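Notes for the one structure printed next.
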Amino acid sequence: MHSILRANCMRLRAPLVRMARRTLTKYTESHEWVKIDDGVATIGITDYAQNALGDVVYVEVPEVDAEVELDEVVGIVESVKSTSDIYTPLSGTIVDANQKVVENNKLINRSPEADGWLFKIKFSSQDELEKLLDAAQYKKLIEEGH
């Protein structure tokens with residue numbers, strides 16, 4: 001009986017753990033997406049941005065362990081149409097950089113909001129996060145042509 005109760009308790013707790021790890025996605029006015037998971041933000045350019053850029057031919061990502069400040073230039077995405085700086089939407093420490101997009105730039109065009117991520121940052125300011133756009137605000141921004 002005791003083991004049955006323990007098993008049932010474990011099943012009840014499992015969904016709570018999954019819910020606590022739910023990913024939150026935010027956006028910037030400069031067309032970066034920011035996926036938050038457990039104090040770390042994964043950042044890349046939006047599908048809208050990659051469409052505007054066209055075929056990506058060169059990508060530069062930040063150095064791991066770099067300390068960065070809000071709106072600091074941390075990378076470059078160059079396309080057949082233009083070159084765009086990548087700004088960090090949050091202050092903190094770079095904990096990972098996607099070398100796959102450096103080696104295979106087309107990942108940004110094929111999968112900008114998944115495999116084409118640029119870097120991960122352990123952010124240091126919840127206030128900066130609160131200032132980012134939610135999905136509805138970002139949708140309105142691009143509908144207005146920004």
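If you go through region 107-116 one residue at a time, do you hit one that is of a type in the set (Gly, Ala, Ser), assigned to a strand (DSSP E or B) and at pLDDT 95 or above?
No, region 107-116 has no match at all.
Quick one: which strands (runs of 3 or more DSSP E) sit completely within region 9-72 and have at least 3 residues that are open to solvent by less than 60 Å² (accessible area, probe 1.4 Å) and either under 22 Å from residue 110 (Cβ atoms) or modelled with pLDDT of 95 or more (or both)? Can you show your working first?
Working: elements: 24-27, 32-37, 40-45, 56-60.
Those strands (runs of 3 or more DSSP E) span 24-27, 32-37, 40-45.
Scan region 18-26 and tell me whether some residue there is under 11 Å from the mean Cα position of the chain (by Cα) and more than 18 Å from residue 138 (Cβ to Cβ).
No, region 18-26 contains no residue that is under 11 Å from the mean Cα position of the chain (by Cα) and more than 18 Å from residue 138 (Cβ to Cβ).
Among 95, 102, which is in contact with a Lys or Arg (Cβ under 6 Å, 6 or more places away or on another chain), in contact (Cβ under 8 Å) with a residue 40 or more places away in the chain and open to solvent by 20 Å² or more (accessible area, probe 1.4 Å)?
On inspection, the qualifying residue turns out to be 95.
Since residue 1 meets every condition but one in (1) at pLDDT below 95; (2) under 24 Å from residue 103 (Cα atoms); (3) open to solvent by 60 Å² or more (accessible area, probe 1.4 Å), which condition does it not meet?
(2)
What is the one condition in (1) under 16 Å from residue 30 (Cβ atoms); (2) in contact (Cβ under 8 Å) with a residue 40 or more places away in the chain that residue 61 does not satisfy?
Here residue 61 meets the rest and fails (1).
The values are calculated or read from the model by the stated rules, or taken from the named source; none is laboratory data. As the structure is a prediction and not an experimental result, all values here were calculated from the model. Note: ideal-geometry Cβ built from the backbone for every residue, glycine included; neighbour counts use all protein chains shown. We work out accessible area using only protein heavy atoms, side chains counted, and drop any ligands, DNA or RNA first. Shrake-Rupley method; radii C 1.70, N 1.55, O 1.52, S 1.80 Å.
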